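The values are calculated or read from the model by the stated rules, or taken from the named source; none is laboratory data. Just so it is clear, the model here is predicted, and its values are computed rather than measured. Heads up, the Cβs are rebuilt from the backbone with ideal geometry, glycines too, and the neighbour counts pull from every protein chain shown. Protein only, heavy atoms only, side chains kept; ligands, DNA and RNA dropped before computing areas. Shrake-Rupley method; radii C 1.70, N 1.55, O 1.52, S 1.80 Å.
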Amino acid sequence: MKTVIKSEIVDVLKNVGLSSGDSVIVHTSLGKIGYVCGGAQTVIEALIEVVGQNGTIMMPTQSWKNLDPETGVHWDADEADWDTIRKNWPAYDKAITPTNTMGAVAEMFRSWPGTIRSAHPARSVAAWGKYASYLTENHDLSNIFGDDSPIGKLYKLNGKVLLIGVGYDKNTSIHLADVRADYPGKHTCIEHSAVMERGERVWKAYETLFVDGKDFIDIGTAFETVHSVNRIVLGNAEIKMMMQRELVEFSVEWIEKNRK
Ligand SMILES: CC(C)(COP(=O)(O)OP(=O)(O)OC[C@H]1O[C@@H](n2cnc3c(N)ncnc32)[C@H](O)[C@@H]1OP(=O)(O)O)[C@@H](O)C(=O)NCCC(=O)NCCS
């Protein structure tokens, strides 16, 4: 397998349209690229080199195992033990809690020097650079992906979305469209996570919009017939870059037209 080095990643990122000073959310499959010399570290260094000190990089660092067993996230556990999990799952700690299926790059990024992680116990993001504080502060328990959430703030910054070897099913920005769109089945649900409150671990209930991304691939396919999405190949992976505002605005219309 051909080895991919940092200078190649830097060139590819520039050619796909990432520029100095950009704010960007990045979703990565490291394995899809092939063999990266230096792995996750090299990918992060390349991203930082391209956006520079005036740029901002955000990645999802979700820890969705910290949700109620009833949602299906603890499939290894016997149902008889669900209460035990509720009583014992460790409280979210942004410095410690690992990411769940966010990938090796996001897992390393969350503790990269200068990176700040948001406080959401199950749906956090981490950000580095100029707007890292702005993007990560006040991540409300209930307003996970809405207008004042990290995803909504990236929209205000006119951010970009970079998919490295992954599809639209991993394109978290579409959740902002979920929040904005009106559709018949739109509903909230009560989620639960372990959090620290006044020095004590509590199993916290909070109401939020039901998180559902099962039509995101269809949305992405439709989006690409209307909007230009920059594409390039890095190793064995396809990289796609799009403007987050275009994606969100298109997705709102698509959801209102198609979602039951
Ligand atoms: C789930 C997901 C992370 C799986 O991708 P993946 O490539 O299999 O996993 P990672 O990105 O963690 O990369 C690790 C894999 O890269 C490979 N790898 C290891 N070293 C490597 C290197 N130096 N260079 C390239 N690949 C390497 C290995 O196969 C490794 O898998 P292993 O740990 O099981 O051995 C990916 O598909 C994804 O969805 N990423 C985006 C997540 C996201 O942003 N979600 C948004 C919220 S829904």
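Which of the residues spanning the stretch 97-134 are away from the ligand (no atom under 16 Å from the Cβ) and either outside any strand (DSSP E or B) or free of Cβ contacts under 8 Å to residues at least 60 places away in the same chain (or both)?
Result: 113, 114, 116, 119, 130, 131, 132, 133, 134.
Quick check on the stretch 18-27. Is at least one of its residues within 7 Å of the ligand (Cβ to nearest atom) and either under 16 Å from residue 165 (Cα atoms) or open to solvent by less than 20 Å² (accessible area, probe 1.4 Å) (or both)?
Looking through the stretch 18-27, at least one residue is within 7 Å of the ligand (Cβ to nearest atom) and either under 16 Å from residue 165 (Cα atoms) or open to solvent by less than 20 Å² (accessible area, probe 1.4 Å) (or both).
For residue 117, only one of the following conditions fails: (1) more than 21 Å from residue 232 (Cα to Cα); (2) of a type outside the set (A, V, I, L, M, F, W, C); (3) open to solvent by 70 Å² or more (accessible area, probe 1.4 Å). What is its number?
For residue 117, the exception is condition (3).
Since residue 235 meets every condition but one in (1) open to solvent by 60 Å² or more (accessible area, probe 1.4 Å); (2) more than 22 Å from the chain's Cα centre (by Cα), which condition does it not meet?
Checking residue 235 against (1) open to solvent by 60 Å² or more (accessible area, probe 1.4 Å); (2) more than 22 Å from the chain's Cα centre (by Cα), the one that fails is (1).
Can you report the number of residues in the stretch 1-17 which are loosely packed, with under 15 Cβ neighbours inside 10 Å and within 16 Å of the ligand (Cβ to nearest atom)?
Residues that pass the stated criteria total 5.
Would you please name the residue that is farthest from residue 166 (Cα to Cα), looking only at residues in the stretch 183-226 that are among the acidic types (Asp, Glu) and surrounded by 15 or more Cβ atoms within 10 Å (Cβ to Cβ)?
191
Please return the ranges of strands (runs of 3 or more DSSP E) entirely within the stretch 188-260 where 2 or more residues are in contact (Cβ under 8 Å) with a residue 12 or more places away in the chain and aromatic (Phe, Trp, Tyr).
Ranges flagged: 200-209.
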